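In what follows, a structure is listed as structure tokens, so that the remarks can point back to it.
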Amino acid sequence: MATKQHCSTITRLQTNKISYIDSNAFSGLIKLQSLGLSRSYPLKLYSKSKLASSGRKATVIHSLDLTNNFLLEIRHLEFGDCRTLFVRNNKLKKLDFIRSLSQLIVVSLTSNRITFVNVQDFAKLTSLKELHLQHNQISELYPILKGLQNIRILNLNSNRIEDIAKIFNVTLPYLSQFDLSNNKVTLSDQDELGLTFLENLNLAGNKITYLNCSGLPPVLRSLNLAYNNILEFDGNCDRLFYQVTKIDMSYTNLIANGIDVQKDFLDKLNLVNDLDVSDNPIILNTFVRDLYERVGPFLIGIHLNKCNISAIPEKAFAFDYLRVLSLNGNNLREFDMFDVSGNDLNLITEL
């Protein structure tokens, strides 16, 4: 009697108590492409059994989710056609199980116990475009990046990286988003990073005191420096401030550290449409006037949280295209949007 074949393309088995999966468990689902096994503790994936059969009508999985399973080790993961792999919130230290998954495009290994990444683990992953390694214990990554020439998004948030040179010194022609927040980076002795097309860089929550912009890419558009204790900008930052469209300088102690916000920062802006200087005790009227003169026609978002603002002068935020205005944690007792903007047709969508 012929085996009945099913046409299901997505199977979700999340939040169960599956501890073992037979090698033929999905053999009848010839069109299965997405398999979700998150929260299936105590799932074990290191027995002699394989999750997919190798016959002519083997199951082809394009997306596999093994999130939240407390996995310590994975030995057999025979999904050679897998494109998207999520193994978040486990206890993995070794990544050799991905070596055979040469078709991977997106990999998320967030919140594991990874301290070292073997270059052989990623040697065949030349099609990889997104790599998420946040919330691990990684201090360097440079060797594996040589082969990841198609990488677009790299997330290393909340690791133990101190020196960017231990990550790069190799050209990544397509990398556009890089998150290095909540590490121990200083940027003080930075060289050219080779990030020619990087557009979005997150350096929030690091150890930056002297902002050295000399090695930052020429096409950078979004820069997050929040929660650094910035004492000084180098001369190359003028070019950077001139070109960015979004910049976050919140909780950086600019004014407390003696930086002239108007001369050293606002006067350098040219294309900014989203600006955050929260937790700096600005003089609102002067600040907004200077800001309008520089980027008035472009500004769509302004964030002034915890800036010790007690009153808002009339028409202080009369920016033509302002969509987002954030004034949390100030000392305001009253607020009238018409008095604030002087515009009958306010375009603000978030307040």
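Filtered by the rule that a residue be in contact with a Lys or Arg (Cβ under 8 Å, 6 or more places away or on another chain) and β-branched (Val, Ile, Thr), segment 61-99 gives a lone residue, 67.
Residues are listed down the side, and each one gets a yes or a no for (1) of a type in the set (D, E, K, R); (2) assigned to a strand (DSSP E or B); (3) surrounded by fewer than 20 Cβ atoms within 10 Å (Cβ to Cβ); (4) modelled with pLDDT under 90:
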| position | (1), (2), (3), (4) |
| --- | --- |
| 32 | no, no, no, yes |
| 48 | yes, no, yes, yes |
| 54 | no, no, yes, yes |
| 58 | no, no, yes, yes |
| 61 | no, no, no, yes |
| 124 | yes, no, yes, no |
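Condition test on residue 271, is it surrounded by 17 or more Cβ atoms within 10 Å (Cβ to Cβ) and either in a helix (DSSP H, G or I) or modelled with pLDDT of 90 or more (or both)? When the stated conditions are applied, residue 271 does not pass them.
The residue of segment 130-155 that is farthest from residue 198 (Cα to Cα), among those that are assigned to a loop (DSSP other than H, G, I, E, B) and in contact with a Phe, Trp or Tyr (Cβ under 8 Å, 6 or more places away or on another chain), is 138. Selection over segment 82-113 of residues that are of a type in the set (A, V, I, L, M) and not in a loop (DSSP other than H, G, I, E, B) gives a count of 4. Is it true that some residue in segment 73-81 is assigned to a strand (DSSP E or B) and modelled with pLDDT under 85? The answer is yes, given that some residue of segment 73-81 is assigned to a strand (DSSP E or B) and modelled with pLDDT under 85.
Scanning segment 199-210 for residues that are closer than 15 Å to residue 180 by Cα and assigned to a strand (DSSP E or B) yields 200, 201, 202. Inside segment 214-268, residues that are acidic (Asp, Glu), out of contact with any helix residue (DSSP H, G or I) (no Cβ under 8 Å at 6 or more places or on another chain) and surrounded by fewer than 17 Cβ atoms within 10 Å (Cβ to Cβ) make up a count of 4.
A residue that is modelled with pLDDT of 95 or more, closer than 28 Å to residue 68 by Cα, within 18 Å of the chain's Cα centre (by Cα) and β-branched (Val, Ile, Thr) cannot be found anywhere in segment 136-145. Determine whether residue 187 is in contact with a helix residue (DSSP H, G or I) (Cβ under 9 Å, 6 or more places away or on another chain), modelled with pLDDT under 90, surrounded by 21 or more Cβ atoms within 10 Å (Cβ to Cβ) and part of a loop (DSSP other than H, G, I, E, B). Spelling it out, residue 187 is indeed in contact with a helix residue (DSSP H, G or I) (Cβ under 9 Å, 6 or more places away or on another chain), modelled with pLDDT under 90, surrounded by 21 or more Cβ atoms within 10 Å (Cβ to Cβ) and part of a loop (DSSP other than H, G, I, E, B).
A quick yes/no check of all residues on (1) in contact with a Gly (Cβ under 8 Å, 6 or more places away or on another chain); (2) under 15 Å from residue 244 (Cβ atoms):
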position	(1), (2)
255	no, no
262	no, no
271	no, yes
274	yes, yes
277	no, yes
283	no, no
290	no, no
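Residues that are surrounded by 19 or more Cβ atoms within 10 Å (Cβ to Cβ) and under 23 Å from the mean Cα position of the chain (by Cα) do occur in segment 285-300. Taking the conditions (1) at pLDDT below 95; (2) farther than 14 Å from residue 264 by Cβ in turn, residue 213 satisfies each one other than (2). Among the residues of segment 301-311, those that are surrounded by 20 or more Cβ atoms within 10 Å (Cβ to Cβ) and part of a loop (DSSP other than H, G, I, E, B) comprise 304, 307.
Once segment 213-258 is narrowed to residues that are of a type in the set (Ser, Thr, Tyr) and part of a loop (DSSP other than H, G, I, E, B), the residue that is nearest to residue 195 (Cα to Cα) is 214. Only one of these conditions is not met by residue 164: (1) over 14 Å from residue 115 (Cα atoms); (2) in contact with a Phe, Trp or Tyr (Cβ under 9 Å, 6 or more places away or on another chain); (3) aliphatic (A, V, I, L, M). Which number is it? Going through the list (1) over 14 Å from residue 115 (Cα atoms); (2) in contact with a Phe, Trp or Tyr (Cβ under 9 Å, 6 or more places away or on another chain); (3) aliphatic (A, V, I, L, M), residue 164 breaks only (2).
The values are calculated or read from the model by the stated rules, or taken from the named source; none is laboratory data. Note that this is a predicted model, so its numbers are computed, not measured. Quick reminder, even Gly has a Cβ in these numbers, built from the backbone with ideal geometry, and neighbours come from all protein chains shown.
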